[in-house]
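The next block holds one structure in the form of structure tokens; read it before the comments.
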Amino acid sequence: MSLIKKAATAGGAVALAFAGVLGSADQSFAASNGQQIRFHDNSGLVYSIRIEGHNQNGDVASGCFATPSKDTWVGGWWWKGEVTVTFYKNNSCSFATYYGETNAWVPTSQSGDWTTVYS
């Protein structure tokens with residue numbers, strides 16, 4: 001391998017490593033101003049959930065998420081304060097398949113990035 005190719009390869013590796021550090025900065029910062037939600041389905045009957053509450057910026061946010069397994073990590077959405085989690089027996093949050101709901105408190109900060117909500 002020529003010296004130029006070695007330098008280019010090393011430079012690319014350094015750039016990727018630096019980008020990885022920058023990419024993780026948002027997640028680390030967000031953990032001090034909200035949490036992501038891990039949903040645990042105690043019943044085994046829930047196929048989707050709607051989460052409603054405030055995001056890390058204090059804005060009202062709502063999203064429908066499929067719950068394909070007993071534990072579902074809803075990544076990329078950051079919540080804080082009281083959230084309402086509504087359970088459905090289908091995968092599209094259809095009110096025709098409403099199953100129940102719960103309110104949960106999501107702390108602004110904690111040691112990890114995830115708060116668990118149970119059905």
Worksheet item: Which order do peptides 103-110, 39-46, 87-94 fall in by mean Cβ count within 10 Å, highest first?
Response: 87-94, 39-46, 103-110
Response to the item:
Simple spin-label estimate for TRP105/ASN42, 7 Å along Cα→Cβ, in nm, reads 1.8
Item to complete: Net charge near PRO107: determine it from the other residues with C-beta under 15 Å of the C-beta of PRO107, scoring Lys and Arg +1 and Asp and Glu -1.
Response: 0
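Rule-based calculations on the coordinates, nothing more; no lab input. These numbers come from a predicted model, not from an experiment. Note that each Cβ is placed from the backbone with ideal geometry, even for glycine, and that neighbours are counted across all protein chains shown.
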